[in-house]
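Quick notes on the structure that follows.
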Amino acid sequence: MIRTVDFDTQAILEAVHADGVVLCERVLDADRVAAIRADLDRVLETTPTGRNDFEGYGTKRIYNLFAKTRAFDELAIDPVLLGVLDDLLGHYQLSAPTGIQIGPGEPAQGLHTDDSIYPLPQPHGEVVVNTMWAFDDFTRANGATRFVEGSHRWGPDRWPTEDDPVVDAEMPAGSVAFYSGSIWHGGGANATDRPRLGVILEYAAAWLRPQENHVVGVTPEVVATLPERLQELLGYNIFPPFVGYVDGRHPKRFLPAP
């Protein structure tokens, strides 16, 4: 069973360091869950299902999330979340924020690590941290994300085997899972007759290229209306001393007036 802690920066950090994953239950109340879910349902109406085994042929994925909804503006810069990221990543930005609705009958996704997309020599420090926000009750039956606890400490030559226990991140709607980019995990199989909806807010070290290009995906006119910290997380930032400048200046200088 995955450890559950209070929504507290230090408690989350201790668990992620030890286990690679931790749950915080009912961070969002029922009214907020319902409001966010309603907005996501609007987007899902025109969202196609996946194109390959990894995406899931019966799964809908909301890419370019911050161009399509304002529901996650506050969550993306929550002080507790940022405190965790400050410790684990230092300087960072949003990488692949995505809504994931696993459809009925979808088989389990293959186990993988999120940081494996970067061709970095092993071992390396933490470069990716992910959060999964639940907008349905996550159960083993409906496709709760599966984790191999402690696998974030494995070296490059270790892969999951049948002998490694896989645990399900079962949690009520409104909860969030924090997990290391180097832990082995994957979406579970949905054996029910209802879809399961969650949203990942994934962050990567600011010196790496994010998975999704938010500077192109979210128009400058929209970014200009957002909180300054969120603007930075969407790519309008500088990794010290000067990685990310535009014409010798900070990229925020090129945003239009709100």
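No value in this document is a laboratory result; all are computed from the given coordinates. This is a predicted model, so every value here is computed, not measured. Cβ atoms come from the backbone with ideal geometry, glycine included; neighbour counts cover every protein chain shown.
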log10 I(q)/I(0), Debye, Cα-only segment 218-258, no solvent, q = 0.26, 0.30 Å⁻¹? -0.88, -1.08
Simple spin-label estimate for residue 86/residue 108, 7 Å along Cα→Cβ, in nm, reads 3.8 nm
Two-decimal Rg/Rh of segment 109-220 from alpha-carbon positions, Kirkwood Rh? 1.00
If you take every residue apart from residue 104 with its C-beta less than 13 Å away from the C-beta of residue 104, what net charge results, scoring Lys and Arg +1 and Asp and Glu -1? 0
For residue 23, net neighbour charge (Lys/Arg +1, Asp/Glu -1) across residues whose Cβ lies under 12 Å away: -4
Taking the Cα centre as origin and putting +1 on Lys and Arg beta-carbons and -1 on Asp and Glu beta-carbons, what dipole magnitude results for the chain, to the nearest 20 debye? 760 debye
Using only Cα atoms, what Kirkwood radius does segment 122-172 have, in angstroms? 13.0 Å
Descending Cα extents along the principal axes, segment 9-212, whole Å: 42, 38, 29
Rounded to a whole number, the Stokes-Einstein D of segment 10-130 in µm²/s (Kirkwood radius over Cα pairs; 37 °C; 0.692 mPa s) is 197 µm²/s
What is the set of long-range amide H partners of residue 59 at a cut-off below 5 Å, with H atoms built 1.01 Å from backbone N? 50, 103
